[in-house]
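In what follows, a structure is listed as structure tokens, so that the remarks can point back to it.
The values are calculated or read from the model by the stated rules, or taken from the named source; none is laboratory data. Small disclaimer: the values here were computed from a predicted structure and weren't measured. For neighbour counting, all protein chains shown are included, and Cβ atoms are generated from backbone atoms with ideal geometry for every residue, glycine included.
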Amino acid sequence: MTGMGINPRYAVNRNVPVASERYRMLLHHLSSYSKYEKSGTFPFHHHPNFGLFSCASQVQLDVEEKDLPEVFNTFSKLEPYKALLFANSVWQVNGQSLLCSRDYFWRNSLHGFNPHNVDMFAADFDSVDDIVAYIRSMSLYCVERDGQYINFAPTPLADYFASDRIKGEVFDGTGYKPIVFQPEAADLKDLRSFKFEDLTFRGTVEFRSVCEQPVGEIFAASALHVGLMEKLPELTELLAQDRTIYHKGYTAAELRQLFVQKNFPGNIFDRKAVSALILKILDLAKAGLAQRGMDEEDFLAPLYPRAERLESPAVELLNGLAHGETIEDYIEKFGRLD
């Protein structure tokens, strides 16, 4: 437990998946990216085992079907602000320090070969039918047959179910061999997307974008989501009226990508105004938790100084390293329970 979204000792860590057929298939699938790598067509990174040294802080919440469009629309707009609060997976890539490299690892892997499987929703949903249509555009890359996992080229659902035969690979105990199989309606259960807000088969919405947090502050992200869900209409209105970061020519996805860079884009956005808006969001979450009456508000306490300084754990780490502290200092600090 390092309390970080990237294991700082990933290079010497024993990066081996859990001994299961699914994880064997998954690592094999991600490692096969070179088959899809054509000059300049997709910017794959070269760390297909990224899931073995990265870690998230996720929460699943029950959501009524009628509320799904609003939940997806509103919490997608929240993502840029969450990056400023929770980024905690520092990584150097192309001469830049990414504060939340987990976004990069998923986006630039085979998981992101179809962009509809990762990141944020690009447009608002007007209805549940819109969500279903979006899901239809996501890609399937594996199915299970008789306890064995078959992986194949990422294929949009509409194309998959319109096909008579699919060519894939299956592990036979010694290696992978080719296989041809027929799509079945039950294969839908094997759809895996990696959206920041993800609809699950359990009838929940899973919030996936937050990096693992310092261990002593581990409940802060979950508390934020729970509290804001209690105040969903108010959050929707607050973000709809937001002129602090929105209506400046950037989409929510573009804003998040700006905010996971090392340097805050102060030439575009006013730091004090951004800080003030995040504090309003925290106060709204606090009111939502108070409304639940379970004395959960204290879980949000670590987020207030982060909002005031616009200092996520990743920013704190980089600032500390720049002033002579060591990565060992932060392994100790972020790994403490107190």
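Laid out as a table, the results:
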| quantity | calculated |
| --- | --- |
| Subset of the stretch 118-155 (residues that are over 21 Å from the mean Cα position of the chain (by Cα), of a type in the set (A, V, I, L, M, F, W, C) and either crowded, with 16+ Cβ neighbours inside 10 Å or farther than 23 Å from Arg208 by Cα (or both)) | Val143, Ile150, Phe152, Ala153 |
| Cβ pairs under 9 Å, 6+ apart, first in the stretch 125-140 and in contact (Cβ under 8 Å) with a residue 12 or more places away in the chain, second of a type in the set (Asp, Glu) and assigned to a helix (DSSP H, G or I) | Phe125/Glu70; Val128/Glu65; Ser139/Asp159; Leu140/Asp187; Leu140/Asp190 |
| Residue match in the stretch 116-124 (condition: among the β-branched types (Val, Ile, Thr) and in contact (Cβ under 8 Å) with a residue 60 or more places away in the chain) | yes |
| Test result for Ile278, of a type in the set (A, V, I, L, M, F, W, C) and crowded, with 17+ Cβ neighbours inside 10 Å | yes |
| Any hit, the stretch 6-25, residues being hydrophobic (A, V, I, L, M, F, W, C), surrounded by fewer than 16 Cβ atoms within 10 Å (Cβ to Cβ), within 19 Å of Gln92 (Cα to Cα) and modelled with pLDDT under 90 | yes |
| Residue match in the stretch 270-293 (condition: without any contact (Cβ under 8 Å) to a residue 60 or more places away in the chain and within 24 Å of Ala123 (Cβ to Cβ)) | no |
| Meets criteria (within 30 Å of Pro115 (Cβ to Cβ), β-branched (Val, Ile, Thr) and touching a helix residue (DSSP H, G or I) at 6+ places or on another chain (Cβ under 7 Å)) for Ile268 | no |
| Residue list for the stretch 141-179, filter: free of Cβ contacts under 8 Å to residues at least 40 places away in the same chain, closer than 21 Å to Tyr33 by Cα and among the small types (Gly, Ala, Ser) | Gly168, Gly175 |
| Residue list for the stretch 57-108, filter: buried (at least 18 other Cβ atoms within 10 Å of the Cβ), assigned to a strand (DSSP E or B), of a type outside the set (Val, Ile, Thr) and under 14 Å from the mean Cα position of the chain (by Cα) | Ser89, Cys100 |
| Output for the stretch 199-247, where each listed residue is over 25 Å from Pro302 (Cβ atoms), in contact with a Lys or Arg (Cβ under 9 Å, 6 or more places away or on another chain) and not β-branched (Val, Ile, Thr) | Phe201, Ala240, Tyr246 |
| Residue selected from the stretch 228-276 under the condition among the β-branched types (Val, Ile, Thr) and part of a helix (DSSP H, G or I), by the criterion farthest from Ser312 (Cα to Cα) | Thr236 |
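Matching residues to (1) part of a helix (DSSP H, G or I); (2) under 23 Å from the mean Cα position of the chain (by Cα):
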site: Gly288; (1), (2): yes, no
site: Ala314; (1), (2): yes, yes
site: Gly324; (1), (2): no, no
site: Asp329; (1), (2): yes, no
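Here's the yes/no breakdown for (1) at pLDDT below 95; (2) of a type in the set (Lys, Arg); (3) crowded, with 17+ Cβ neighbours inside 10 Å:
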{"position": "Asp283", "(1), (2), (3)": "no, no, no"}
{"position": "Pro302", "(1), (2), (3)": "no, no, yes"}
{"position": "Ala307", "(1), (2), (3)": "no, no, yes"}
{"position": "Ala314", "(1), (2), (3)": "no, no, yes"}
{"position": "Asn319", "(1), (2), (3)": "no, no, no"}
{"position": "Phe334", "(1), (2), (3)": "no, no, yes"}
{"position": "Asp338", "(1), (2), (3)": "yes, no, no"}
